[in-house]
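Asks: Got a structure here, written out as structure tokens. Questions coming.
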Amino acid sequence: MKSNLVITETRARNYPARQNAQKIKRKKKPLYREDPGGRGWEIVSVANACNGCAAKHETPMPARQEA
């Protein structure tokens, strides 16, 4: 019997902008790009469940609200 991970709780999260966050390799000088940050979701807690229980407890992510 296989167990499945079920997301039981999520929360909204604001991610700050980061300068020089992504390094792109080039032949000579590396190029750095900015990460604009933004809004997303974090998983707070996860539980193990059997296939039947996991199918019943499948919860969609909350609707995205634009500010």
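Asks: Work out, step by step, the length gained on full extension between Leu5 and Arg39: first 0.36 nm times the residue separation, then minus their alpha carbon distance; give nm to one decimal. Could you put the intermediate results ahead of the total?
Replies: Values: separation 34, 0.36 × 34 = 12.24 nm, distance 2.41 nm.
Length gained between Leu5 and Arg39: 9.8 nm.
Asks: In addition: For each of Arg11, Arg39, count neighbouring Cβ atoms within 10 Å of the residue's Cβ, then give the residues from fewest to most. Provide the component values of the computation, followed by the final result.
Replies: Working: Arg11 9, Arg39 12.
Ranked by crowding around the Cβ, least crowded first: Arg11, Arg39.
No lab work stands behind these numbers, since they all come straight from the coordinates. Values in this document were obtained by computation on a predicted structure and should not be read as measured data. Positions of Cβ are backbone-derived with ideal geometry, glycine not excepted, and every protein chain shown enters the neighbour counts.
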